[in-house]
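The values are calculated or read from the model by the stated rules, or taken from the named source; none is laboratory data. Quantities reported herein were computed from a predicted structural model and do not represent experimental measurements. No Cβ is skipped: glycine too gets one built from the backbone with ideal geometry, and neighbour counts run over all protein chains shown.
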Amino acid sequence: MKRSPLIKNLAWLALAIATLVLAVLWLLNTRDETRVIPVTTGSAAAPASQALLARGDYLTRAGNCMSCHTARGGTPFAGGRGIETPFGTVFSSNLTPDATTGLGAWTSNDFWRALHNGRSQSGRLLYPAFPYTSYTEVSRGDADAMYAYLQSLPPVSAPAQAHTLRWPFNTQIALAVWRALYFSPGTFEPEPLQSADWNRGAYLVRGLGHCAACHSARDALGGSNPLNMAGGLIPMQNWYAPALTENAEAGLSKWPVQDVVTLLKTGVAPGASVLGPMAEVVRNSTQHMSDDDLRSMAVFLKSLPPTVHDAALPTAARGPKAQAVASSASARAGAKLYDNHCAQCHGDSGQGVAGAYPSLAGNRAVTMVSTDNLVQIILNGGYAPATAGNPRPFGMPPFMLVLSDTEVASLLTFLRSAWGNQASQVTSFDVNRSRTGNQR
């Protein structure tokens, strides 16, 4: 039976559209590929100097490479750590110079392409659990120094573990579509009207520091804006990385520069401490950075323009609403729980103890819209990082086996409405959602 001209035309149209789509995907995924710079002095082309190796060591710490590329109890940089995502688990690769399972057969060009273009040595597209969406801004000189340092490590045979991603997220075509939507290679371009400190800080925060990887919200496909640090829930960890653009969350515009440096260097600063995933960043990365670089990061972070949350989001209680929250049955029950479990360390008036236990009165971590971090701290404990500047930090024990969801909600409602704090009530549903990660 002959096909009608209409069917033939539709078939040809479908083929043409499919060809066009594939061509667009190919073009979008090969942008900037032809600009890979040849091997430079000090990389694979010549023996690495001690100065270059020291620089590479410093830069890999600034990029916090070891945290993800080291399995629990494993050899540093040998990979194998599982990075959980909403689409499955991605396992980090071996960065030691083993010729078979690591980077031993890689050139500095290959390493540069991984950082800059998100491609493996073979040309395979890499999953963005490796934050090349930020690392693409790293300069070629810094990439070469990092490559030289990694090549100087003792080789470790550690075969790659297969990712356990669901279909279709485990396919290169799906990854090509994702990259077409969310990734464009680029290098950092200094702002001529900004200071040298600001530009250095922007380079570190946007590039090696990949701060936006946590501090930006992700959509249903895992995409985010690497220049937007307006806060976001960290997938699968149930911790909220607060907005670096809002003073009501983690904005730093009103902070003295030195306090920002101190927080990144030691994990604690006047009126603040880092906990959760950020504690790992400080312990493994920022505490090892120079004061000059941390100062530059502080200058840049303080300059971030403020953003405004969606008006549909719940806001802090004010006026009569605040009084209603403070006098609610939930808050009254929370006051008793506070007296029994918290007052001994944080004080009868939530004043805390300087250098040991944070004040809860006027603490923006207590009153910001998201209560996810408060739930995680109460359930699992809160621990600042052990650093050279604060080697024996005080910690908070977990109450997961002590308090129910309803009791946690009552305690948080009290904390968010006592001592002048004015924030919305917390329900047991909110606590359960934060506990389980069901944020939808």
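Computed values, structure above
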item	result
Unmet requirement for PHE169, which otherwise passes all of (1) under 24 Å from the mean Cα position of the chain (by Cα); (2) outside the structural domain of THR75 (by TED's automatic domain parsing)	(2)
Meets criteria (free of Cβ contacts under 8 Å to residues at least 60 places away in the same chain, under 20 Å from TRP239 (Cα atoms) and either assigned to a loop (DSSP other than H, G, I, E, B) or not hydrophobic (A, V, I, L, M, F, W, C) (or both)) for LEU379	no
Count of segment 178-225 residues which are in contact with a strand residue (DSSP E or B) (Cβ under 7 Å, 6 or more places away or on another chain) and either among the charged types (D, E, K, R) or buried (at least 22 other Cβ atoms within 10 Å of the Cβ) (or both)	4
Some residue of segment 66-85 being surrounded by fewer than 21 Cβ atoms within 10 Å (Cβ to Cβ), modelled with pLDDT under 95, under 17 Å from the mean Cα position of the chain (by Cα) and assigned to a loop (DSSP other than H, G, I, E, B)	no
Test for ASN117: is it buried (at least 18 other Cβ atoms within 10 Å of the Cβ), touching a strand residue (DSSP E or B) at 6+ places or on another chain (Cβ under 7 Å) and of a type in the set (S, T, N, Q)	no
